[in-house]
Every structure is written in structure tokens, then in C-alpha cells.
Amino acid sequence: MVDNRYDYCIGTANPGFKKAVTAMLTERGFYSSGEGKNIPEFLRMLRLIQPWLAIIDTQLPPGNIKQLASIIEEDGLSAILYISTGSINLNGYMLLQWPVEELVLIAVAEALCLEFSHKKKLQQKIKGLEKKLSRREEIEKAKAILMNNMAIDEDSAYRYLQKTSMEHRVSIIEMAYRVIANPDQISF
Amino acid sequence: MSKTKEDILHEVKESGVRFIHMQFTDLAGQLKNVAITTSQLHKALDGEIMFDGSSIEGFVRIEESDMYLRPDPDTFSIFPWHPREGGIARLMCDVYNPDGTPFEGCPRSQLKRMIALAKKDRYTMNCGPEAEFFMFHTDENGAPTLHTHDQGGYFDLAPTDLGENARRDMVLSLEEMGLEIEASHHEVAPGQHEIDFKYSDALTTADSLSTFRFVVRTIAQRHGLYATFMPKPIVMINGSGMHTHLSIFENGNNIFYDPNAPEEMSQEMLYFIGGLLKHAKSYTAVTNPLVNSYKRLVPGYEAPVYIAWSYRNRSPLVRVPARRGIGTRVELRSPDPSCNPYLAFAVMLRAGLDGIHNKIDPPKPVNLNIYAMTEEEKNAYGIDRLPENLYDAVMELDGSPLIREALGEHIYNRFREGRIKEWLDYRIQVHDWEVKHYLPRF
């Protein structure tokens, strides 16, 4: 058995399908952390367990597999691998046709988990940058208020923010929020 | 500051919105929408989007079915659960007749009429609702059950509460849509939650409530849960209410606050309470519109039954929270979240205004637990009770020209017709309780 750090949840109401997929994945070191026999149950499971990979039988009841796909995708819940046991067209999602060869299943599952890992790191990076950008915007807003209220230049406004934040023992962004919340206040 | 047509066109372009839901409510408060693409937005913002009014419950007959939607630009917001590319936004709309006059059956326009009436006295009513709801599991066919996540069995040992997670997502989504949320917490019953709004003017709050119910249902579904605003889904367990905090402002000042008056409550506030109590029986059909609403208004579950007011205890219909200054307010405890918020706020405002206009003194406050009082004690205080079922509530509404006026004749007639139909449908059913109690005995 190969050691693997990835876990998965399986969504299917078909015990035979579950058994076969689980056997193939377990053999290659993936470990199962939950299952759902219908879409709501599977969604609850995904939110609770937050696995690396969601393996979904396209005949998972009560239907609307496309909506399930968009929820998992939009909320970034996990990597998704659909295995079609019927006939369904899922544009833009990884879809394998059942029965599937073990080597193909494992290769695709590993690739999806790796891709999800990269995606997560990128999302974290974007979040950090967005936060930085929004902090900068708030500080700019606060500076503009101070420049207007105190008739001072940009550098002096920034120094004022720095100084008052130190005096109040708060971060400069917290001080900026206070200025924005009380734009008519002369000093802080 | 009000948004202009250009602001919206710019925002749509910047955010990559592709579809707009032009939303309005039917008489039952159900959110309806006409979906348009951004290419139709120009036309939509000019109020030129037409729809078939006869397809909406309680609107018009088939021969007068052409209706127009006139969006309120200030209500533009983007649904946060769709990707930016191809995203969806919403605009709340008033419904207009083909001749350009407001449709008399539009609940939003009717609330605006009541707001305009208050404006004659320079009054603005602010509302802060506390909306409760349950989250249940669905069965394998996707149908809602009464099984709550709190009793989830399989999930009992899990460190994360699914309902708490869903509620957190709801609050974040609502905030992203521009709603101000004051608090959110788990409620008394298993699976029951509450999300409280920061107070705002009646129209904004009614728009927010319509959006809120839609967002709560959508997010719950995305978490594999089913959210319901049914007032009393489970017998013997607290129902879901929508306690509503009300205050009247004039030129930015809360006229309910008078630092020199007893309890710092102004005379206007007392009259407003007088109006709310006097007309309570008549507006209950509007604030509690379902057969099921009256299963909540029973003793023992923190829901009001008696028409009285108090500073402290929570058993009467109206409570005055301790907060004073700009936060001085009354809390009406009977409404439930199944009501049409536009109509509910319209009747609350009309009842309170009548109290102020006609100087209706409220009875003495009852700072005792009314549920523990004897009939004689209740009589001595002059305490009446709310209607016990939907039929009685509609009969009370029939007898009140003031509340009928607050609804407008068109809405009153259609609303009444719908409520009586629902009551008659319910009345002919044989319920589980009857089968359980009578079948073995008779």
C-alpha cells in the first residue's frame, strides 16, 4: 500500500460502486473520511469533513448534480471527481466513465488533489493581497480626511496616523477605521 | 446617497454581473422575480420590463394582466454566492400599471403610501426585526424533514456544528449584500436560529427581510440543510417569531425619548403603544397570516397571547426594552417571519400613528407574568387576548376600517380571500391528533 496524505468523501447511493471505488483508492493510500447517500447529506459531509477530494456518482439522488457541482466549485469545498454511471454532460468538470480502470482513477485523483492544493495556496495568497489592498485603501481614506480636517499634507497625515495609533496602542489600520468612522472629529 | 442609473450600469460592468433578478413580493410575501440579462438593464431601469400579473397570487385577473416593474436603484446588490464572472444581482421593484400609476396590489407601494402618511407629520418609522427560523435535514428525495442538525445522530460527535457554520455563511452573505446584521445566535429550540437586523427605515427593512429569507434558504441548501420560516413547525417546542423593534424619528431625533418624562418615555411613545394595543386584534391576520401562526401564539413558549404592555417581562404583546436615548423603542412580539414584511410594517405604522393622532392612552403596564394570572386578575387589568385562529383574526380585520385602509381596498380584498380559502382548506382536514385521540375511542 502506498502512503498518501489525501482523504476523500464519496457521494453515491450505489453500494457496489462505493465498494469498488473505495477498494481501488484504499489500495493506493487514499483514505475515506465520509460518505453521503444523497446530495444534502453529501454536502453536509463535505462541509463537516473538508476532505481533499469529493468523488461523486453522477446518479447521486435526488438529482441536480450540476447544482451540486457549482456549489462545491464556488465555495471551494474540495477537488471534485465525477464518475458517470449514467449519461450526463458536465462541462468544465473532471468526469470519468464507469467502469473506470484503477490506474486512471488513481492518476486523476492524485492530479486533482495536487491541483486543489495549488488552488488553495493561490486563494490564500489572493486573500492576503486583497486584505493588504483594502488596508491601503482605508489608510488612504483616513489620510484624506485628516488632510482636509487639519489642513496638512499627505506625509504629515500619515505621520499623524502613526503617532496616534502608537499613543492609543492600536494598529495603524484600526486608527484609520476610527478616523473614517468619525470624519468630523478634529483630533484623536 | 441615492444610487443613479449610471451608478448601477457602472457597477454591473465592473463586477461582471450577467443576470439581474427584478424582485417583488406577492401578497403572501413570497419573493418573485423576473430575470433579465444585462443587455436589458437600460430598459429595466427605465421601468419598461413587463410581466404577466395574472400569474402572481393575489394580483390581478387575466384580462388586466400587463404589469410593469419599476426598480429602486438603491436596492441593487450582487448575490455573493455566484462567481464574479457571470454573477447575478438583484433589484427590488415596485409594480406599476400600464398607465404609469402604482399598482394598488403591490405590497411595497402600499407600505410607501403609509410611509408618506407618516411623512405628513415629518415622522419616519424605524424597524429592527429579530427573525427566527429552523434548519432541518432533508430526506433522500430532497423533501424537508423535522430532523434537526442538533440531533443529527451521525454528526453528534463532530466538533463542528453544521447549523452554526451555515448561519455564519448567511451573516457573511447578507453583509456582503449590504445588510447590517446586529447579532446572530442559536435560539431556544434545537435547530432554531435567530438573525437580528440593525434598525433602519421601514421600506429598507422590508426589502432586507425579503432578501434575508431568500438568502437564508439558499445558503441552508448549499449546506445540505433546509431552512424554514414556518412559525411553529414542531408542537411543544418554541416557534419562530419575528419580534419587531419600532421607533419614530422626526428630523433625525427619536421622538419616543423624553429625558424629563416618567421612565424617559415621551407622550408620543405612550400613544403609539396605545395604538398598537388598540388595533392588535385587527392587524394580527397580517402579522400572523398562516393557520400555523396561531399554533405559535399559545401560552408557555415565550410568544405573546395577551394584549398588554410591560417594561420588563416578556409575556405581553408589547415590551419596552430598557435602552433609552436614541435607542428608545417598543418591541412588538407577536409578528412571525411568515408575514409579508411590507404589509406587516404598513399595519404596524398605521396602528401606531392612529395612537399618536387620536391620543390613545395605553392601559397601565403589566409588569407581572400574565400567564400566571387568574381570569379575575386579567379582567381587573382589562387584558384581552389576541385572536386564537386565522379565521377569528380575519373577522377582526374585517371589522377594522383603519387596518383595511392601511392595506388598501385591493390588497385587503385579495388578502382576505386568500386567508379564508386557506382556513377553509385547513378546516376540512382530519388531523393526526383527531385520529390518534378519537379513533381508538369512538
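We did not get these values from a lab; they are worked out from the coordinates using the rules stated. Everything numeric here is computed off the predicted structure, so don't read it as measured data. Because the Cβ atoms are built from the backbone with ideal geometry, glycine has one as well, and the counts that use them run over all protein chains shown.
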Cα-based shape type of region A:7-100, given that a ≥ b ≥ c are square roots of the gyration tensor eigenvalues and the cut on a/c is 1.5: rounded
Size of electric dipole in region B:183-284: Cβ of Lys, Arg +1 and of Asp, Glu -1, about Cα centre, debye, nearest 20: 680
Among A:Asn38, A:Asn14, A:Asn91: highest mean-square fluctuation, GNM of chain A, C-alpha pairs under 10 Å: A:Asn91
Of B:Tyr371, B:Tyr294, B:Tyr68, the one that fluctuates the most in a GNM where chain B has Cα springs shorter than 10 Å: B:Tyr371
Zone of B:Ala261's modelled label, taken as backbone nitrogen in region B:355-382 under 19 Å from a point 7 Å along Cα→Cβ: B:355-367
Order of A:Thr58, B:Thr38, B:Thr284 under a 10 Å beta carbon neighbour criterion, fewest first: B:Thr38, A:Thr58, B:Thr284
Amide H contacts of A:Ala13 (H built 1.01 Å from N, under 5 Å, at least 5 apart or other chain): none
For B:Phe51, net neighbour charge (Lys/Arg +1, Asp/Glu -1) across residues whose Cβ lies under 11 Å away: -1
Rg to Rh quotient for region B:341-442, alpha carbon positions, Kirkwood Rh: 1.09
Proximal charge balance of A:Ala142 [Cβ under 12 Å; K/R count +1, D/E count -1]: 0
Taking region A:7-100 and dividing mean pair separation by its residue count, relative contact order in percent (alpha carbons under 8 Å, at least six apart): 27
Positive-end residue, the protein assembly as shown charge dipole about Cα centroid, Cβ charges, pick of A:Thr85, B:Gln221, B:Asn340: B:Gln221
Exposure proxy ranking, count of Cβ atoms within 10 Å, fewest first, for B:Met236, B:Met92: B:Met236, B:Met92
Net charge of Cβ neighbours under 12 Å - reference B:Pro401; Lys, Arg +1; Asp, Glu -1: -2
Protection proxy ranking of A:45-52, B:298-305, B:16-23 - average other beta-carbon atoms within 10 Å, highest first: A:45-52, B:16-23, B:298-305
Whole-Hz ³J(HN,Hα) from phi, Karplus 6.51 cos²θ - 1.76 cosθ + 1.60, for region A:166-171, glycine and proline x: 5, 4, 8, 6, 10, 6
Neighbour cut-off at most 16 other Cβ (10 Å), DSSP loop, trypsin sites (Lys or Arg not before Pro), region B:288-397: B:Arg312, B:Arg314, B:Arg323, B:Lys359
Antiparallel content of DSSP bridges confined to the protein assembly as shown, in %, to 5: 70
For region A:63-137 and region A:161-178, distance of Cα centres in Å: 41
Cα gyration tensor shape for chain A, rounded if a/c is under 1.5, else prolate or oblate: prolate
Subset of A:Lys120/B:Lys5; A:Lys131/B:Lys32; B:Lys295/B:Lys378; B:Lys3/B:Lys278; B:Lys43/B:Lys112; B:Lys198/B:Lys232 violating a 31 Å alpha-carbon distance limit: A:Lys120/B:Lys5; A:Lys131/B:Lys32; B:Lys3/B:Lys278
Contact order relative to length of chain B, as percent, for alpha carbon pairs under 8 angstrom and 6 or more apart: 15
Positive-end residue, region A:131-185 charge dipole about Cα centroid, Cβ charges, pick of A:Val170, A:Ala157, A:Ala144: A:Val170
Cα gyration tensor shape of region A:64-119, rounded if a/c is under 1.5, else prolate or oblate by comparing a/b with b/c: oblate
Förster radius 22 Å - calculated FRET efficiency between A:Leu90 and A:Leu122, Cβ distance, rounded to 0.05: 0.40
MRE, 222 nm, helices only [DSSP H, n ≥ 4, -39500 (n - 2.57), over chain A, to nearest 500]: -19000 deg cm²/dmol
Dipole magnitude of the protein assembly as shown, debye to nearest 20 (Cβ charges: Lys/Arg +1, Asp/Glu -1, about Cα centre): 580
Estimated vicinal HN-Hα couplings, Hz - region B:224-229 in sequence order (Karplus 6.51, -1.76, 1.60; Gly, Pro = x): x, 10, 10, 9, 9, 9
Under 5 Å, built H, 5+ apart or other chain: amide partners of B:Met67: B:Phe51, B:Gly53
Ascending count of other beta-carbon atoms within 10 Å, so fewest first, for A:Ser165, A:Ser156: A:Ser156, A:Ser165
Most mobile listed residue (A:Asp57, A:Asp75, A:Asp155) in chain A, GNM with C-alpha springs under 10 Å: A:Asp155
Where trypsin sites (Lys or Arg not before Pro) fall in DSSP loop in region B:184-225, at most 14 other Cβ within 10 Å: B:Lys198
Per-residue mean of C-beta atoms belonging to partner chains within 10 Å, peptide A:35-42: 4
Estimated vicinal HN-Hα couplings, Hz - region B:407-422 in sequence order (Karplus 6.51, -1.76, 1.60; Gly, Pro = x): 8, x, 4, 4, 5, 3, 4, 5, 5, 4, 4, x, 5, 5, 4, 5
Compactness of the protein assembly as shown - radius of gyration and Dmax, Cα, Å: 27.9, 91
Inter-part distance where region B:197-237 and region B:379-397 are each reduced to a Cα centre, Å: 27
Pair B:Asp361, B:Leu424: separation of 7 Å Cα→Cβ label points (nm): 4.5
FRET efficiency estimate (nearest 0.05) - Cβ-Cβ, B:Trp433 to B:Leu368, R0 30 angstrom: 0.40
About the Cα centre, charge dipole magnitude for region A:7-100 (Lys/Arg +1, Asp/Glu -1 at Cβ), debye: 200
